[in-house]
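Taking it in order: structure first as structure tokens, then the write-up.
The values are calculated or read from the model by the stated rules, or taken from the named source; none is laboratory data. Since the model is a prediction, treat every value here as computed from it, not as a measurement. Methodologically, a virtual Cβ is constructed for each residue, glycine included, from the backbone with ideal geometry; neighbour enumeration extends over all protein chains shown.
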Ligand SMILES: *Cc1c(COP(=O)(O)O)cnc(C)c1O
């Protein structure tokens, strides 16, 4: 990384060497003065693949042509539409096909999975999570605790960074697990903290959690499509993620769920059931007794939302063509180049930018504190055709996404930011 140069020419060379460079053309970029914006918000809403329209059109056409019979006659029959997403999704998160399903939305899936995997007893009822988790996760955990009749203050263990630090130390997580090992029911952590961009050592946390007798689940909203995940091999109990961030499936699109194979045969697991979780062969006998599917599909409630699945499929097919390994190789380069550019700016601007994302534990996102700056900086970035994400009081989150961001994007970001500071 010491070989990097802060110049347009150098960024261009990096783009020419990038084997994924042509994928940028598969996406629509918002425009600013006739030019693509510098879009660093793929961690919030991924860009639209140009192919999405035709995937949606296919389903509209089949609906027009077949009506209800589209469930069987559509090019991709709606009855089993979710199944054509399974293998490719499993590859993205490192799971067996029987362990993943696309259904509902993220917070909904977290609740449905906690119905099965957070079953507190008088003795074991605590949940351990990261402090300042994404608000929806905090509300989900708090409401689960209350739902079961426990006190949030007593039952929720939140692990925060130490004073003056931004990174949560893994040692502090393990220490807390050990301290509460007799009362810990569940560990629920974001695989990547949305604010700091810190990536957690999921494998080690699962091990520590299981040793303490707890279940371990992850929210992978910022992990899916961003990190090399191995949910099966890591022995993760359950996980959920959304598809509209790194997975580019469009606003509010269908979410993912993972349940480890070893739980599939356990018919004692309580769950909220619906007809789509019922054994497929006998589902349409419309019988009174629920016969669960012996896979994660058991947790499905409703028939599949075809339009949002079609939008997801458009992006999924691109992910499958590229593969996570190539994406991650590029991601590491892009993010190191961004880090380099930030350091170059610091040399000239009195170290006013502080990267709070841990160097060793990160995906593509860098969270940058702009010391001495406020919201006005963000407004000016937007005026100048840069779309980063802003968190009060002065944190800029930048996610250069390997699927469509370029090294030139990073150069331009640096050049504009330098001018504005
Ligand atoms: C984006 C995000 C959510 C959003 O939840 P939805 O149910 O999709 O609205 C939840 N949790 C985390 C960690 C997120 O990053």
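Among the numbered criteria (1) surrounded by 14 or more Cβ atoms within 10 Å (Cβ to Cβ); (2) modelled with pLDDT of 95 or more, which one does residue 325 miss?
Only one criterion in (1) surrounded by 14 or more Cβ atoms within 10 Å (Cβ to Cβ); (2) modelled with pLDDT of 95 or more is unmet by residue 325, namely (1).
Has the stretch 102-121 got at least one residue that is within 25 Å of residue 203 (Cα to Cα), modelled with pLDDT under 95 and not in a strand (DSSP E or B)?
No, that holds for no residue.
Within the stretch 242-260, can one find any residue that is in a loop (DSSP other than H, G, I, E, B) and more than 15 Å from the ligand (Cβ to nearest atom)? Walk me through it before giving the result.
We begin by selecting, within the stretch 242-260, every residue in a loop (DSSP other than H, G, I, E, B); these are 242-254, 260.
From what is left, the residues that are more than 15 Å from the ligand (Cβ to nearest atom) are 260.
Checked the stretch 242-260: at least one residue is in a loop (DSSP other than H, G, I, E, B) and more than 15 Å from the ligand (Cβ to nearest atom).
With (1) touching a residue at least 12 places away in the same chain (Cβ under 8 Å); (2) more than 16 Å from the ligand (Cβ to nearest atom); (3) not in a loop (DSSP other than H, G, I, E, B) as the list, and residue 267 as the residue in question, which single condition is left unmet?
(3)
Given the criterion touching a helix residue (DSSP H, G or I) at 6+ places or on another chain (Cβ under 8 Å) and either at pLDDT 95 or above or not assigned by TED's automatic domain parsing to the domain that holds residue 390 (or both), identify the matching residue among 27, 40. So that I can check it myself, show each step before the final result.
Values: 27 fails: touching a helix residue (DSSP H, G or I) at 6+ places or on another chain (Cβ under 8 Å).
It is 40.
Any chance the stretch 208-224 includes a residue that's over 25 Å from residue 119 (Cβ atoms), in a loop (DSSP other than H, G, I, E, B) and out of contact with any strand residue (DSSP E or B) (no Cβ under 7 Å at 6 or more places or on another chain)?
No, because not a single residue in the stretch 208-224 is over 25 Å from residue 119 (Cβ atoms), in a loop (DSSP other than H, G, I, E, B) and out of contact with any strand residue (DSSP E or B) (no Cβ under 7 Å at 6 or more places or on another chain).
Applying the selection to the stretch 123-180, what residues are closer than 21 Å to residue 207 by Cα, free of Cβ contacts under 8 Å to residues at least 12 places away in the same chain and either in a loop (DSSP other than H, G, I, E, B) or not assigned by TED's automatic domain parsing to the domain that holds residue 108 (or both)?
Listed by number, the list holds a single entry, 169.
Residues in the stretch 226-234: is at least one at positive phi and within 13 Å of the chain's Cα centre (by Cα)?
First pass over the stretch 226-234, keeping only residues at positive phi: none.
Scanning the stretch 226-234, I find no residue that is at positive phi and within 13 Å of the chain's Cα centre (by Cα), so the answer is no.
Look at the stretch 383-416 and say how many of its residues are out of contact with any strand residue (DSSP E or B) (no Cβ under 6 Å at 6 or more places or on another chain), more than 22 Å from residue 21 (Cα to Cα), modelled with pLDDT of 95 or more and outside any loop (DSSP other than H, G, I, E, B).
So the answer is 1.
Could you give me the residue pairs with C-beta distances under 6 Å whose first residue belongs to the stretch 87-103 and is free of Cβ contacts under 8 Å to residues at least 40 places away in the same chain, whose second residue is part of a strand (DSSP E or B) wherever it lies, and which are 6+ apart or on separate chains?
Correct list of pairs: 90/100.
Under 19 Å from residue 78 (Cβ atoms) and assigned to a loop (DSSP other than H, G, I, E, B): does that describe residue 302?
Values: under 19 Å from residue 78 (Cβ atoms): yes; assigned to a loop (DSSP other than H, G, I, E, B): yes.
Yes.
Tell me, please, whether a residue that is within 11 Å of the ligand (Cβ to nearest atom), under 29 Å from residue 354 (Cα atoms), at pLDDT 95 or above and in a loop (DSSP other than H, G, I, E, B) can be found in the stretch 227-236. Steps first, answer last, please.
Narrowing the stretch 227-236 to residues within 11 Å of the ligand (Cβ to nearest atom): none.
No - not one qualifying residue is present in the stretch 227-236.
Looking at the stretch 8-24 only, could you name the residues that are assigned to a helix (DSSP H, G or I) and in contact with a helix residue (DSSP H, G or I) (Cβ under 6 Å, 6 or more places away or on another chain)?
Kept after step one, since they are assigned to a helix (DSSP H, G or I), are these residues of the stretch 8-24: 8-17, 21-24.
8, 11, 14, 15, 21, listed by residue number.
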